[in-house]
Amino acid sequence: MIWNESIETMPLEDLKNIQSDRLVQLSKYVYENCPVYKQKFDTHGIAPSDIQSIDDIVKLPFTNKMDMRDNYPFGLFSVPRTDLVEIHVSSGTTGNPTLVGYTRDDISLWSEVMARTLCCAGAEPEDTVQIAYGYGLFTGGLGFHYGSLEMGMTIIPTSSGQTKRQLKIMQDFKPRILCCTPSYCLYMAEEAKELGIDPRSASWDIGIFGAEPWSESMRGEIESAWDMLATDVYGLSEIIGPGVSQECTYKDGLHIYSDVFYPEIIDPETGQPVPDGEDGELVITTLTKQGIPLIRYRTRDIVSMTTEVCKCGRTSPRTSKIKGRTDDMIVVRGINVFPSQIEHVLLGIEGTQPHYQIVIDREAHKLDQVEIMVEVDEKIFSDEIKQMSALSAKIKKEIEAVLSIGVKVHLVEPKTIERSMGKAKRVVDKRAL
Amino acid sequence: MKITQISVFLENRKGRLSEVCSMLGQAGVNIRALTIAETESFGVLRMVVDKPSEAADLFRKNGITANQTDVVAAEVPDKPGGLAEVLKALSDHDINVEYMYGFVEKHSENALLVFRFDNPEKAAQVLRENGLKVIDEKGIQGL
């Protein structure tokens, strides 16, 4: 079913009118309510009255992750803190996390787009859904929760981890819908086999997988392992969390809810739009958000987009799966990781910047492993093993505290980390996604 | 009466110890005593050599992480209970042995051991007061 048929199948001209009205409103709203945006507009020499239609969006300045960082915690918000009903944080590039907040209406918006997402994947209100995304500060769990609640499905909020229990719950309550990261889904298939459960007999018919990049070959693997339909969901906490776009059952691109999240694809170097179907950076404007509305937010995700109407009847534009990043962010078990976060920790421990390398690996059907290699120089070297072990343990503990995922720390000899053009290679991603 | 110990950081990989030792050999540096402490992924090679400053320069030039620590070399009676007596004297003076190891060769009739203490000065003094011979840098070179 289509959750909000009148919006989701709206003729393109009407859709454009709605987008235009909303952008005009939004420009006024942020100019009046957010001093950071007022200043951005002023410096850019643009007034809200210059925005007459959605086509004028190109006149507006971009918003970057750096704007989030510079105005941490509440500078980019357009409402007083008392109007927020929920806040979430995700990874920041250094030190502080990225903070987002929702008003009551923003939560309604999130519920609406997540209900569209779940229906887009094929869920029905009478279904039972197992939500194995992490609940808590991570937006995954609660986003799916709100959408499922909006639809009236029966929710099993298992959150992430505890695989044996996930499988028992699946066997006992027979949910038809599964929501988790794609790598966790494959991991569960291996666990199931070890427990003597045939994954192909599982109750899950539809999976909604996201929070990390995954390929068509991984989709094939999941679909044949579980005998289910595997669909891709996209989102980022800065925009709303999950619920920015979702594949329908035709699996031919992700429908982006452009009546509320207006997409542009730009050349990341020049900032100019690229033609339909060409790769570029996805830029999103939140047309109706109240708490922390963002104008032309640079997602750093590389996708292509088509405005061709889909066979499913939805008129929204569709983006490809994520093809890459314009920055050095990596996604590990659904968590965003920036090498700069690790640099920051090492600098704090040692007072200087040692050479380091992040190695990410995933054995077949296992979860991602992160290994941090740190070169030992004379400043941190001791002849006493207990001091070296304590150093290694401290690095591990502090990095885990910042990243919220387990890592292994490996102390290595100087010059063993590969350097290209004298510069150390910071990230080695060995995963076959 | 301290002597210099050279410690080297080594990753646990094949041939690494041999590389470091042949580097010393080619430079004409003789190893007098050594020990390796290891963990799952790395090890620390500690040694007493006849030319410690040459060895340190050599490692620096070759980009090997090494440092120098003061240790005490003392002759310990080569008889049952010989070491126990020495350790008791140290412990009576609240001196903690971080680690210790033996020399490759025997010195006179006694065993020659290397001790790593927090406070090598005080430890050397206690050892001497207990009638033990503490070997200095010159003594090491003359071995």
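Could you give every pair whose Cβ atoms fall below 9 Å, whose first residue belongs to the stretch A:206-224 and is among the polar types (S, T, N, Q), and whose second residue is assigned to a loop (DSSP other than H, G, I, E, B) and modelled with pLDDT of 90 or more, counting only separations of at least 6 or pairs across chains?
A:Ser215/A:Lys321
Got a number for residues in the stretch A:214-243 being closer than 19 Å to A:Thr299 by Cβ and among the hydroxyl-bearing types (Ser, Thr, Tyr)?
Qualifying residue count for the region: 2.
Considering every residue within the stretch B:102-115, establish whether at least one is of a type in the set (Val, Ile, Thr), in the same structural domain as B:Leu132 (by TED's automatic domain parsing) and either in contact with a His (Cβ under 8 Å, 6 or more places away or on another chain) or part of a helix (DSSP H, G or I) (or both).
No, because not a single residue in the stretch B:102-115 is of a type in the set (Val, Ile, Thr), in the same structural domain as B:Leu132 (by TED's automatic domain parsing) and either in contact with a His (Cβ under 8 Å, 6 or more places away or on another chain) or part of a helix (DSSP H, G or I) (or both).
Select from the stretch B:88-117 the residues that are hydroxyl-bearing (Ser, Thr, Tyr) and either under 12 Å from B:Val48 (Cβ atoms) or more than 14 Å from chain A (Cβ to nearest Cβ) (or both) and list them in ascending order.
B:Ser91, B:Tyr101, B:Ser108
Scanning for something assigned to a strand (DSSP E or B), within 13 Å of another protein chain (Cβ to nearest Cβ) and under 26 Å from A:Met388 (Cβ atoms), does the stretch B:118-129 turn up at least one residue?
no
Residues B:Ser7, B:Ser22: which one is closer than 21 Å to A:Ile380 by Cβ and outside the structural domain of B:Glu121 (by TED's automatic domain parsing)?
Selected residue: B:Ser7, the only one of B:Ser7, B:Ser22 that is closer than 21 Å to A:Ile380 by Cβ and outside the structural domain of B:Glu121 (by TED's automatic domain parsing).
Any idea which of A:Glu223, A:Glu216 is within 24 Å of A:Arg318 (Cα to Cα), over 20 Å from the mean Cα position of the chain (by Cα) and in the same structural domain as A:Cys179 (by TED's automatic domain parsing)?
A:Glu223
Looking only at the stretch A:225-245, which residues are within 20 Å of A:Leu186 (Cβ to Cβ) and in contact (Cβ under 8 Å) with a residue 60 or more places away in the chain?
A:Leu229, A:Thr231, A:Asp232, A:Val233, A:Tyr234, A:Pro242
Can you report the number of residues in the stretch B:84-105 which are over 20 Å from B:Gly139 (Cβ atoms) and either crowded, with 18+ Cβ neighbours inside 10 Å or free of Cβ contacts under 8 Å to residues at least 60 places away in the same chain (or both)?
Number of matching residues: 14.
Looking at the stretch A:340-364 only, could you name the residues that are part of a loop (DSSP other than H, G, I, E, B) and either β-branched (Val, Ile, Thr) or more than 13 Å from A:Val412 (Cβ to Cβ) (or both)?
Once the filter is applied, which keeps residues that are part of a loop (DSSP other than H, G, I, E, B) and either β-branched (Val, Ile, Thr) or more than 13 Å from A:Val412 (Cβ to Cβ) (or both), the stretch A:340-364 yields A:Gly351, A:Thr352, A:Gln353, A:Arg362, A:Glu363, A:Ala364.
Can you pull out the strands (runs of 3 or more DSSP E) entirely within the stretch A:365-433 that have at least 1 residues that are within 9 Å of another protein chain (Cβ to nearest Cβ)?
A:369-375, A:408-412
Among the candidates A:Val85, A:Val129, which residue alone is over 30 Å from A:Val36 (Cα atoms), within 22 Å of the chain's Cα centre (by Cα) and of a type outside the set (Phe, Trp, Tyr)?
Every option except A:Val129 fails the conditions.
Between A:Glu269, A:Glu247, A:Glu308, A:Glu278, which is surrounded by 21 or more Cβ atoms within 10 Å (Cβ to Cβ) and not β-branched (Val, Ile, Thr)?
A:Glu247
Determine whether the stretch B:34-46 contains at least one residue that is away from every other protein chain (no Cβ under 13 Å), modelled with pLDDT of 90 or more and farther than 23 Å from A:Ala390 by Cα.
No, that holds for no residue.
Across the stretch B:112-125, what is the total count of residues that are surrounded by fewer than 18 Cβ atoms within 10 Å (Cβ to Cβ) and within 21 Å of B:Ile140 (Cα to Cα)?
4
Being of a type outside the set (Ser, Thr, Tyr) and within 12 Å of another protein chain (Cβ to nearest Cβ) is the filter here; which residues of the stretch B:49-69 pass it?
Matches in the stretch B:49-69: B:Ala56, B:Phe59, B:Arg60, B:Asn62, B:Gly63, B:Ile64, B:Ala66, B:Asn67, B:Gln68.
Yes or no: A:Ile107 of a type outside the set (Asp, Glu), outside the structural domain of A:Leu294 (by TED's automatic domain parsing) and within 30 Å of A:Gly313 (Cα to Cα)?
So A:Ile107 fails the test.
Let me spell it out: the conditions are (1) within 27 Å of A:Ala401 (Cα to Cα); (2) part of a helix (DSSP H, G or I), and A:Asp55 meets all of them except one. Which number is the exception?
Checking A:Asp55 against (1) within 27 Å of A:Ala401 (Cα to Cα); (2) part of a helix (DSSP H, G or I), the one that fails is (1).
Of the residues A:Asp327, A:Asp301, which single one is assigned to a loop (DSSP other than H, G, I, E, B), touching a strand residue (DSSP E or B) at 6+ places or on another chain (Cβ under 9 Å) and among the charged types (D, E, K, R)?
Residue meeting the stated conditions: A:Asp327.
Can you run down the residue pairs with Cβ atoms below 7 Å, 6 or more apart or on separate chains, where the first is in the stretch A:395-408 and touching a residue at least 60 places away in the same chain (Cβ under 8 Å) and the partner is among the charged types (D, E, K, R)?
Matching pairs, first to second residue: A:Ile405/A:Arg333.
Take the stretch B:23-38 and flag every residue that is touching a strand residue (DSSP E or B) at 6+ places or on another chain (Cβ under 9 Å) and not hydrophobic (A, V, I, L, M, F, W, C).
B:Gly25, B:Asn30, B:Arg32, B:Thr35, B:Glu38
Could you tell me whether A:Gly324 is surrounded by fewer than 22 Cβ atoms within 10 Å (Cβ to Cβ) and under 16 Å from the mean Cα position of the chain (by Cα)?
Spelling it out, A:Gly324 is indeed surrounded by fewer than 22 Cβ atoms within 10 Å (Cβ to Cβ) and under 16 Å from the mean Cα position of the chain (by Cα).
Residues being basic (Lys, Arg) and within 14 Å of another protein chain (Cβ to nearest Cβ): count how many of those fall in the stretch A:335-364.
0
Could you list, in sequence order, all residues of the stretch A:166-203 that are surrounded by fewer than 23 Cβ atoms within 10 Å (Cβ to Cβ) and part of a loop (DSSP other than H, G, I, E, B)?
Answer for the stretch A:166-203, where residues must be surrounded by fewer than 23 Cβ atoms within 10 Å (Cβ to Cβ) and part of a loop (DSSP other than H, G, I, E, B): A:Lys174, A:Arg176, A:Leu195, A:Gly196, A:Ile197, A:Asp198, A:Ala202, A:Ser203.
The values are calculated or read from the model by the stated rules, or taken from the named source; none is laboratory data. Worth saying up front: this structure is predicted, and the values here are computed from it rather than measured. Every residue, glycine among them, receives a Cβ derived from its backbone with ideal geometry; neighbour counts consider all protein chains shown.
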